[in-house]
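Colleague: I have a structure I would like to understand better, so I am pasting it below and will then ask my questions one at a time.
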Amino acid sequence: MLQVKVLGSGCSNCQRLERETRAALEAGQVAYQLTKVTDYADIAAYGVMQTPALVINEMVVSSGRIPKADQIVTWARERE
Amino acid sequence: MSTHVQFLPKINTDRRAFVLVGALAVLWIGLYNSLQAIADWLTYDLLRFGVDDALGESLNFFVYDVPKILLLLTGMIFLISLLQTFIDTQKVRAVVEKRGEGVGNLMASLFGALTPFCSCSSVPLFIGFVEAGIPLGITFSFLITSPIMNEVALVLLLGMFGWQVALMYLVSGIVIGVVAGILLGRMKLERYVEPFVFNVKANRAAAGFEVEKPTWIERFAESAEKTREIVSKVWLFVIIGIGIGAAIHGFVPEDALVNIMGEDAWWSVPLSVLLGIPLYSNAAGVIPIVSALLGKGAALGTALAFMMSVVALSLPELIILRRVLKPQLLAILVAVIGVSILLTGYLFNMVM
C-alpha cells in the first residue's frame with residue numbers, strides 16, 4: 001500500500017491538498033494510506049520549507065503548491 | 001482524470017496557455033487605458049453633472065478609481081504570483097547560507113519581500129534557515145521584511161500614489177529588515193527562540209526530494225487561482241475604501257488636515273502607527289482613504305508609517321510567530337519594527 005503524507009500546519013491550502021489528493025487517488029484507483037503531518041518540527045524533518053507539501057513513500061514530490069490531480073496519480077503509479 | 005486531455009502534446013497546451021494569457025493582457029491594457037474616458041462619459045455626458053459639482057467630482061473619482069484599482073490588483077497580483085512560482089526556497093537558502101552579516105541580511109530581506117507572510121511558509125522557512133546554520137540576525141531580516149511587504153498594499157500604493165511611493169515603500173521595507181536584522185543579530189537572542197527549533201535535524205537522506213518543476217500551464221493556473229483567492233478577499237474593502245475616499249475627495253476642503261496629519265504635527269506619526277495596528281484585515285480599505293487624506297494636507301511620511309503599521313504589526317502574525325519565538329523575543333521584535341516604522345515616517349516627512 002502506498003504511504004501518502006500531507007505536510008502542513010492545517011492552513012486552508014493544506015486541507016485542500018488533502019482533499020484533492022484523496023479524490024485523485026480514489027479516481028485513479030490507487031490503494032493508499034494517508035497521514036497528516038501537522039507538527040512544525042516533523043515537517044522540518046522532511047527538509048520542507050514551504051507547505052503544503054506532498055510526500056509519497058517518504059519521498060517529497062511537491063512543496064508549496066497544490067499539484068493537478070493527474071500529476072498526483074502519475075507520481076503515485078511511479079512509486080506503487 | 002479525463003483521457004482525451006492526454007492526447008494533446010504538452011508543448012501545444014503550453015502554447016495555448018500563452019496565447020490565452022497574451023490575449024487577456026491585451027484586453028487588460030486596452031480597458032485600463034480607456035477608464036478615464038468611460039468615467040468622464042458616465043458622469044458628465046450620461047448623468048450630466050457640472051464640471052465643478054462636488055457630487056459629480058466624487059462620483060467621477062469613484063467610477064474611475066474602483067475599476068482601475070481592481071484591474072491593477074488582478075493584473076499585478078497575477079504577475080507577482082507568477083514570479084513567486086519561480087522562487088526555489090532550497091536554492092535561496094543555499095545562497096544565503098554562504099553569506100555573512102550585511103550581504104546575507106540584504107538577501108534574506110529581499111527574499112522576505114517576495115514571499116507572502118503566512119503560516120504556510122513563514123514558520124517552516126524560519127526553522128529551515130536556523131536548521132541550515134544561518135545566523136539568527138539574517139533569519140530575522142527575512143522575518144521582518146516579509147510581513148511589512150504586502151503585495152496588496154504595494155499594488156494599491158502603485159495605483160493611488162504612483163510608482164515613486166510604491167518604490168519608497170519597497171525600499172523602506174527592505175532597509176528596515178536589513179538594519180533591524182543586523183541589530184537583533186548582535187543582541188544574541190538565541191535563548192528566546194523555542195528550543196525545539198534548534199533540535200530539528202532534517203533527515204534529507206531518508207526523505208529524498210523529487211520535486212519536479214511545474215510546467216507553464218501549471219504556473220499560469222496556480223497564479224490565476226492565487227489571484228482569485230486574494231482579490232475575492234479584498235475587493236469589498238477596496239470599494240468601501242474608495243467610496244469613503246471619494247466622499248473626502250469631493251467634500252472635505254483642501255488643507256483641512258494640515259494641522260492634524262501635516263508634517264509639522266510631530267505626534268501624528270506615532271499616533272498613525274498605533275492606529276494602524278488593529279486595522280490589519282482592512283489594509284485594502286485603509287489605503288484608498290489615506291490616499292484621499294493625502295490630497296487634503298496629510299504628510300506622506302505619516303501616511304507611509306500608518307500603512308506599514310497596518311500591514312506589519314498585527315495579532316494574527318504574532319500568533320503565528322509565537323510557535324517559534326518566546327514572548328520576550330516577540331516583544332523585542334514588535335518594538336524594533338515599531339521604532340523602525342516611526343523613523344521611516346519621520347524621515348520621509350523631513351525629506352519630502
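Colleague: What number of residues in the stretch B:88-104 are open to solvent by 40 Å² or more (accessible area, probe 1.4 Å), outside any loop (DSSP other than H, G, I, E, B), more than 10 Å from every other protein chain (Cβ to nearest Cβ) and touching a residue at least 40 places away in the same chain (Cβ under 8 Å)?
Modeller: Within the stretch B:88-104, residues that are open to solvent by 40 Å² or more (accessible area, probe 1.4 Å), outside any loop (DSSP other than H, G, I, E, B), more than 10 Å from every other protein chain (Cβ to nearest Cβ) and touching a residue at least 40 places away in the same chain (Cβ under 8 Å) number 0.
Colleague: Among B:Gly133, B:Gly128, B:Gly112, B:Gly137, which is the only one that is on the phi > 0 side of the Ramachandran plot and either surrounded by fewer than 24 Cβ atoms within 10 Å (Cβ to Cβ) or touching a residue at least 12 places away in the same chain (Cβ under 8 Å) (or both)?
Modeller: So the residue among B:Gly133, B:Gly128, B:Gly112, B:Gly137 that is on the phi > 0 side of the Ramachandran plot and either surrounded by fewer than 24 Cβ atoms within 10 Å (Cβ to Cβ) or touching a residue at least 12 places away in the same chain (Cβ under 8 Å) (or both) is B:Gly133.
Colleague: Among the listed residues B:Gly297, B:Gly285, B:Gly338, which satisfies the condition of being away from chain A (no Cβ under 14 Å) and part of a loop (DSSP other than H, G, I, E, B)?
Modeller: B:Gly297
Colleague: For B:Asp14, which of the numbered conditions (1) at pLDDT below 85; (2) open to solvent by 40 Å² or more (accessible area, probe 1.4 Å) fails to hold?
Modeller: Of everything listed in (1) at pLDDT below 85; (2) open to solvent by 40 Å² or more (accessible area, probe 1.4 Å), B:Asp14 misses just condition (2).
Colleague: Now for a different question. Please pick out the residue among A:Met49, A:Met59 that is open to solvent by 10 Å² or more (accessible area, probe 1.4 Å) and facing chain B (nearest Cβ under 7 Å).
Modeller: Step by step, each of A:Met49, A:Met59 is checked, and only A:Met59 is open to solvent by 10 Å² or more (accessible area, probe 1.4 Å) and facing chain B (nearest Cβ under 7 Å).
Colleague: For the stretch B:127-138, which residues satisfy the criterion of being within 12 Å of another protein chain (Cβ to nearest Cβ) and part of a helix (DSSP H, G or I)?
Modeller: Correct list: B:Ile127, B:Gly128, B:Phe129, B:Val130, B:Glu131.
Colleague: Please go through the stretch A:6-37 and pick out each residue that is within 11 Å of chain B (Cβ to nearest Cβ), open to solvent by 60 Å² or more (accessible area, probe 1.4 Å) and of a type in the set (S, T, N, Q).
Modeller: Correct list: A:Ser12, A:Gln29.
Colleague: Hey, another quick one. State yes or no: is A:Ala76 of a type in the set (Gly, Ala, Ser), facing chain B (nearest Cβ under 8 Å) and surrounded by fewer than 23 Cβ atoms within 10 Å (Cβ to Cβ)?
Modeller: No, not satisfied.
Colleague: If you don't mind, another one. Inside the stretch B:206-237, can you point out the residues that are open to solvent by less than 30 Å² (accessible area, probe 1.4 Å), more than 8 Å from chain A (Cβ to nearest Cβ) and in a loop (DSSP other than H, G, I, E, B)?
Modeller: Residue satisfying the conditions is B:Thr215 alone.
Colleague: Could you give every pair whose Cβ atoms fall below 9 Å, whose first residue belongs to the stretch B:172-201 and is assigned to a loop (DSSP other than H, G, I, E, B), and whose second residue is hydroxyl-bearing (Ser, Thr, Tyr), counting only separations of at least 6 or pairs across chains?
Modeller: Within 9 Å, the pairs are B:Val200/A:Tyr40.
The values are calculated or read from the model by the stated rules, or taken from the named source; none is laboratory data. As the structure is a prediction and not an experimental result, all values here were calculated from the model. Quick reminder, even Gly has a Cβ in these numbers, built from the backbone with ideal geometry, and neighbours come from all protein chains shown. Side chains included, ligands, DNA and RNA excluded: accessible areas come from the protein's heavy atoms. Shrake-Rupley method; radii C 1.70, N 1.55, O 1.52, S 1.80 Å.
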